1. Which of the residues belonging to segment 1-55 are among the polar types (S, T, N, Q) and surrounded by 10 or more Cβ atoms within 10 Å (Cβ to Cβ)?
2. Being exposed (fewer than 10 other Cβ atoms within 10 Å of the Cβ) and either in contact (Cβ under 8 Å) with a residue 40 or more places away in the chain or out of contact with any Pro (no Cβ under 8 Å at 6 or more places or on another chain) (or both): is that true of A72 here?
3. Do we find that K79 is without any contact (Cβ under 8 Å) to a residue 40 or more places away in the chain, part of a loop (DSSP other than H, G, I, E, B) and under 23 Å from the mean Cα position of the chain (by Cα) in this structure?
4. Name the residues in segment 14-41 that are closer than 17 Å to V85 by Cα and either of a type in the set (F, W, Y) or in contact with a Gly (Cβ under 6 Å, 6 or more places away or on another chain) (or both), would you?
5. I'm checking my understanding of the structure. Among residues of segment 1-58 that are assigned to a helix (DSSP H, G or I) and aromatic (F, W, Y), which one is farthest from L76 (Cα to Cα)?
6. If you check every pair at least six apart or on different chains, which have Cβ atoms under 9 Å apart with a residue in segment 15-40 that is in contact (Cβ under 8 Å) with a residue 12 or more places away in the chain first and a residue that is surrounded by 10 or more Cβ atoms within 10 Å (Cβ to Cβ) and β-branched (V, I, T) second?
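Nothing in this text is a laboratory measurement; each read-out follows from the coordinates by a stated rule. What you are looking at is a predicted structure, and each value in this text was computed from that prediction instead of being measured. For neighbour counting, all protein chains shown are included, and Cβ atoms are generated from backbone atoms with ideal geometry for every residue, glycine included.
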Amino acid sequence: MTFKYTMIEHDVPAEVIAWLEEEVKEQDERYQKIVAEMKALNPTRDRWYEEFFERLKTYGFNTDGDQRTKIAEEDLPVKPDRDHVVVY
């Protein structure tokens, strides 16, 4: 048996095609809303990153028990030149 040809030919009723188109439209609207909310959150997110990096430079992070390691400024990641991308 081969799995090369896995497409089963069949007819799709018009009402199913209409339902799928409506679903895709609704999902795209939800997606665009999420993208807009994520873009609006960018200034706040940038502030969160800066606060987090400041804590890493000042206090460090736990490596073992009470032991903390501070991160040097040059070891912190650099902000990319593109928009922040949230995967969901």
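1. The answer is Q27, Q32, N42.
2. Numbers: exposed (fewer than 10 other Cβ atoms within 10 Å of the Cβ): yes; either in contact (Cβ under 8 Å) with a residue 40 or more places away in the chain or out of contact with any Pro (no Cβ under 8 Å at 6 or more places or on another chain) (or both): yes.
Yes, satisfied.
3. Spelling it out, K79 is indeed without any contact (Cβ under 8 Å) to a residue 40 or more places away in the chain, part of a loop (DSSP other than H, G, I, E, B) and under 23 Å from the mean Cα position of the chain (by Cα).
4. Once the filter is applied, which keeps residues that are closer than 17 Å to V85 by Cα and either of a type in the set (F, W, Y) or in contact with a Gly (Cβ under 6 Å, 6 or more places away or on another chain) (or both), segment 14-41 yields only Y31.
5. Initially, segment 1-58 is screened for residues assigned to a helix (DSSP H, G or I), giving 14-40, 42-58.
Of the ones still in play, those that are also aromatic (F, W, Y) are 19, 31, 48-49, 52-53.
Values: W19: 49, Y31: 32, W48: 14, Y49: 11, F52: 11, F53: 7 Å.
Looking at the filtered set, the residue picked out is W19.
6. Close Cβ pairs (under 9 Å, with a partner that is surrounded by 10 or more Cβ atoms within 10 Å (Cβ to Cβ) and β-branched (V, I, T)) amount to I34/V86; M38/V86.
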